[in-house]
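The values are calculated or read from the model by the stated rules, or taken from the named source; none is laboratory data. Predicted model, so just to flag it, every value in this text is computed and none were measured. With ideal geometry, Cβ positions are generated from the backbone for all residues, glycine too; neighbour counts draw on all protein chains shown. These area figures cover heavy atoms from the full protein model, side chains too; ligands, DNA and RNA do not enter into them. Shrake-Rupley method; radii C 1.70, N 1.55, O 1.52, S 1.80 Å.
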Amino acid sequence: MTAPLRLGVLGCGMIGSAYLRQAHTVAGVRVTAICSPSASSRDSALRLWPTARAHRDRSALLDDPAVDAILVCTPHAHHCADAVAALEAGKHVLIEKPIATSLRELDQLELAAARHDRVVVALPLLDRPALTAVAELVGSGIIGPPMEFTSMLDVPGPPRSNWYYSREAVAGPALDTLPYALSRLLALTGTPSVATASVTQAIVHRRCLDGATLTQQVEDHMSMQLTFPTGQQAMVKSSWCLHRPEDYLIVRGRSGDMRLDCWRNRILVRSNTPPEQPHYTATWDDTPAFGVDLPSADPEHAKLTALVAAVTSNIDILAESSFAMRLILTGLTTQTGAVEVPPATGGPQPLVDLRIGQEYL
């Protein structure tokens, strides 16, 4: 692909606007169209990209011959239908998470992607430098064989008192924040043999960060316990109830452990052996640790860059995110309590080797 990839942004709210801002900084892309039923949202989008054509409805955007790829940034319940329609219109697609809100939708998306010769980039992205850095540190042996994993993304809840808390969203953190925590874990470990999910709601009458109050209609906790064929276990969790936001991945080994602080772009290592990477003295829970800083990158910039690379190479990025979403959606089938989640096929190839040799540990 030599000419810029011509983008149509479907949905011009907070996330769509973030893509519009970052598209100015990504080589190989040009926004040629935006679409929103809201006149004020269209006006705001055009201020960010004045040369784009403005459409009021999805069909007009999909019929636009000056659009090569669609960025699906609509509310959660519309993601799958919007992506399928874009594929049927002959467009490449980048789908914000969640890529589906039911197992039936996920099947429809996978079938549409198989039928049409177009690239699908499904979020969250698993090809992240931070995960590669964690895998390299584990592979170096400084924490010994990996034995246990924890991946958490906890927030007080979406700041705005809008559809996120209504039945329109279908689910709360299960479809909004848990996909990040689960996807990055599976990128490291690969496919579990058993997964157990627990879904609960603790808050009914919620005071949102914008000061408004509402009756919450979705769950606010989801956790998953994963067991791998080699015997290791992992806990994945996301909550909308806690005061202090946390976004991290911990790998505990036989000789040490490490923590990826996703928002701080750093890795903390507790080990008697220092990392080979450039590092500094730090603390973790008041104990000595080595700190390894990671390069920071705007998330929308990284997603757009991945879309350009996928279209250029004709590489579909759907199967890995689809696998994680299938685990979540299967766990959501009961809405409350716990359910055994049979793992699907086609999971990600692991970055970390969980196999343990014959040595005494």
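Structure notes:
- When PRO343, PRO299 are checked against the criterion of being on the phi < 0 side of the Ramachandran plot and at pLDDT 85 or above, a single residue qualifies: PRO299.
- Some residue of the stretch 199-214 being β-branched (Val, Ile, Thr), outside any helix (DSSP H, G or I), farther than 30 Å from HIS243 by Cβ and in contact with a Ser or Thr (Cβ under 9 Å, 6 or more places away or on another chain): no
- Selection within the stretch 215-240 - more than 25 Å from TRP163 (Cα to Cα), assigned to a loop (DSSP other than H, G, I, E, B) and open to solvent by 30 Å² or more (accessible area, probe 1.4 Å): PRO229, THR230, GLY231
- In the stretch 181-195, the residues that are open to solvent by less than 10 Å² (accessible area, probe 1.4 Å), over 20 Å from ALA133 (Cβ atoms) and either of a type in the set (S, T, N, Q) or assigned to a loop (DSSP other than H, G, I, E, B) (or both): PRO192
- Among residues of the stretch 107-123 being surrounded by 21 or more Cβ atoms within 10 Å (Cβ to Cβ) and under 17 Å from THR74 (Cβ atoms), the one that is farthest from the chain's Cα centre (by Cα) is LEU109.
- Residue check for ARG206: charged (D, E, K, R) and farther than 30 Å from GLY253 by Cβ: yes
- When residues of the stretch 6-46 are limited to those that are among the basic types (Lys, Arg) and touching a helix residue (DSSP H, G or I) at 6+ places or on another chain (Cβ under 9 Å), the one least open to solvent (accessible area, probe 1.4 Å): ARG30
- Close Cβ contacts (under 6 Å, 6 or more residues apart or on different chains) running from residues in the stretch 291-320 that are in a helix (DSSP H, G or I) to residues that are among the small types (Gly, Ala, Ser) comprise GLU300/ALA18; VAL308/GLY28; ALA319/GLY346.
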